Amino acid sequence: MAGITNEGLTIKRLNEVLDDLRGEAVPIFQDLVPPEDTVDTSDSSTIGRLIGLVSPSLADLWEAIQEVYQAFDPNTARGIPLDNLVMYAGITRNPPIPTRADIVVWGNENVLIPRGITTVRSTDNQFYTVDNDIWLVRSDCIGAIIRLDSVTAGNTYMIRVTQGYNIAEATVEATGSDTPQSVLSKLHTQLGIYSSIITTQLGANQITVESNNINDSLAISITGVLIHKIKGKASAVNQTVGSIRQEANTITHIANPILGWDSVTNPFPAITGRDTETDEELRRRFRESKFIRASNIADSLYSALFSLEGVESVAVYENVTNTHDSEYDLPPHSFKAIVLGGDSREIANAIWKNKPLGIAPQGNTTEEVEDSQGYKHDISFGRPDLVNIEIDITLSVTENFPSGGVDQIKEALITYGTNNIRVGGDVIYSRLYTPINSVSGHQVDQLRIRRSGGSWSTSNIPIEYDEMAIFSANNISITIA
């Protein structure tokens, strides 16, 4: 029976509407024909033509009823009805967002690169606006070039680098035979033992000191030497909203020059923006946000962070024991959220609203939030270290291989990585064949993978809990045998 029942909604299709109207017309019009005749409801009859005239509208009404019925089911609702449904879970459809890139800059000390009015340009003419002020100062930087032009015997020359609780220090007392280069060489040797936190490079009359992780800021103190250049970091937002992919080291031009600002680049692929969230994407996020009002802290924190605009991936780790967790570097009774994408201030606020009382969150990024009483709190969370994955493929192709097949395979691999690899997720070797084989007309003769700069392998690539594997076209090599 058509209509709403305990099993759901059943509607009439056009052929069923026609059959029903023809059946109903026979007894109604039977008195208008001789007793021995039957009412003609065929398509060529007058009654049949009238039925053919009204039945499509009735079938449309049934379909309209189905649309209304499905508008109350998040699995089938579309557009505004779906927006209305997911609002009950406290989420809204994500608007389009621009591509966002981490950038690093070199320049003179004490130079300010202001946010909002400063732009940089990529090699493919994409323009990006610097999203936060960059102060090139020794007390908060990610690197510096330190020079020494002359030496005085008996003087002390010192470089101290502080990163959180870690301190790297080198001290040299010059002798009469020392030159600027020899003093710098001794300083460079001493700093070399701190390779776990900084990277140093000795040049002509200078040492370059850089943080191993652009998310870990340095404070640099010196005696007897000079700060020549400072390295800073910021984020930059594409001026065009939408899904625009930007490879590493392609944002290299300063569109608005500032005196004392020397260079800019993006050491990692940008976090690709997106168009307006589709219905299917919104449904998936609705399902993943089902714990947004949960009492379990990890589940509700995950949902709150994943619901933020621009957040691409989330991992939450906790230590409920009384001892330090060496696997995730967590003190007793603490937690750490690793978040890719999103605004740092919004992430910190989401953690503050969902964290357990009296438990300090951990991570390599800290933002200040204000509670309802006006008190300020430091909230920490983690930004993942991005691991560039290199892929080397050798193919034998047939006449069915498309002319743009190589680029299609690269795009398929990048899409696979974006959609399937999350923070802390290993790169599974065998799964790479699926996106590769989505393009027809070839066979894979060889497939090798590695972390950037590592050894080629045909095995899975393990990824640490605070890392995220990144695929980019520049790191995918395809050879046609």
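Numerical summary
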| quantity | calculated |
| --- | --- |
| Residues of segment 228-262 that turn out to be at pLDDT 95 or above and within 19 Å of Asn212 (Cα to Cα), as a count | 4 |
| Only one of Ile414, Ile393, Ile428 that is closer than 26 Å to Leu340 by Cα, surrounded by 17 or more Cβ atoms within 10 Å (Cβ to Cβ) and among the aliphatic types (A, V, I, L, M) | Ile414 |
| In segment 92-119, residue farthest from Leu218 (Cα to Cα) [restricted to those that are within 21 Å of the chain's Cα centre (by Cα) and of a type in the set (A, V, I, L, M, F, W, C)] | Ile97 |
| Counted residues, segment 437-475 - those being surrounded by 20 or more Cβ atoms within 10 Å (Cβ to Cβ), at pLDDT below 95 and not in a loop (DSSP other than H, G, I, E, B) | 5 |
| Filter result for the condition that a residue is in contact (Cβ under 8 Å) with a residue 24 or more places away in the chain and surrounded by fewer than 17 Cβ atoms within 10 Å (Cβ to Cβ), over Thr240, Thr250 | Thr240 |
| Every residue from segment 29-67 that is among the aliphatic types (A, V, I, L, M), free of Cβ contacts under 8 Å to residues at least 12 places away in the same chain and either within 25 Å of Leu9 (Cα to Cα) or in a helix (DSSP H, G or I) (or both) | Leu32, Leu50, Leu53, Leu61, Ala64 |
| From Ala337, Ala315, residue being modelled with pLDDT of 85 or more, closer than 30 Å to Glu210 by Cα, in contact with a Gly (Cβ under 6 Å, 6 or more places away or on another chain) and not in a helix (DSSP H, G or I) | Ala315 |
| Residue that is farthest from the chain's Cα centre (by Cα), among those in segment 125-147 that are aromatic (Phe, Trp, Tyr) and either surrounded by fewer than 18 Cβ atoms within 10 Å (Cβ to Cβ) or under 16 Å from Leu191 (Cβ atoms) (or both) | Trp135 |
| Pairs where the first residue, in segment 74-90, is on the phi > 0 side of the Ramachandran plot and the second is among the β-branched types (Val, Ile, Thr), C-beta under 6 Å, 6+ apart | Gly90/Ile292 |
| Flag for Ile258 being in contact with a Phe, Trp or Tyr (Cβ under 7 Å, 6 or more places away or on another chain) and either of a type outside the set (Ser, Thr, Tyr) or not assigned by TED's automatic domain parsing to the domain that holds Thr240 (or both) | no |
| Residue that is surrounded by the fewest Cβ atoms within 10 Å (Cβ to Cβ) [pool: residues in segment 187-201 that are more than 24 Å from Val151 (Cα to Cα) and of a type in the set (Gly, Ala, Ser)] | Ser196 |
| Selected residue (only one of Asp149, Asp102, Asp131 is acidic (Asp, Glu), touching a residue at least 60 places away in the same chain (Cβ under 8 Å) and out of contact with any Pro (no Cβ under 9 Å at 6 or more places or on another chain)) | Asp131 |
| Residue ID - farthest from the chain's Cα centre (by Cα), chosen from residues in segment 1-35 that are modelled with pLDDT of 80 or more and among the charged types (D, E, K, R) | Asp31 |
| Qualifying positions in segment 340-361 - outside any helix (DSSP H, G or I), surrounded by fewer than 19 Cβ atoms within 10 Å (Cβ to Cβ) and without any contact (Cβ under 8 Å) to a residue 40 or more places away in the chain | Asp343, Leu357, Gly358, Ile359, Ala360 |
| Condition met for Val161 (under 30 Å from Gly342 (Cβ atoms) and at pLDDT 95 or above) | yes |
| Residue in segment 159-180 that is surrounded by fewer than 19 Cβ atoms within 10 Å (Cβ to Cβ) and in contact (Cβ under 8 Å) with a residue 60 or more places away in the chain present | yes |
| Residue match in segment 11-24 (condition: outside any helix (DSSP H, G or I) and touching a Gly at 6+ places or on another chain (Cβ under 8 Å)) | no |
| Which numbered condition Tyr88 misses (of (1) closer than 30 Å to Pro384 by Cβ; (2) outside the structural domain of Ser122 (by TED's automatic domain parsing)) | (1) |
| Tally of residues being part of a loop (DSSP other than H, G, I, E, B) and either surrounded by 18 or more Cβ atoms within 10 Å (Cβ to Cβ) or at pLDDT 70 or above (or both) across segment 289-312 | 6 |
| Pick from segment 42-91, criterion under 31 Å from the mean Cα position of the chain (by Cα) and of a type in the set (Val, Ile, Thr), ranking: surrounded by the fewest Cβ atoms within 10 Å (Cβ to Cβ) | Ile80 |
| Segment 82-122 - residue that is in contact with a strand residue (DSSP E or B) (Cβ under 9 Å, 6 or more places away or on another chain) and basic (Lys, Arg) and, of those, nearest to Val137 (Cα to Cα) | Arg115 |
| Ser150 vs. criteria in a helix (DSSP H, G or I) and surrounded by fewer than 16 Cβ atoms within 10 Å (Cβ to Cβ) | no |
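The values are calculated or read from the model by the stated rules, or taken from the named source; none is laboratory data. Predicted model, so just to flag it, every value in this text is computed and none were measured. Neighbour counts run over all protein chains shown; Cβ positions are idealised from the backbone, glycine included.
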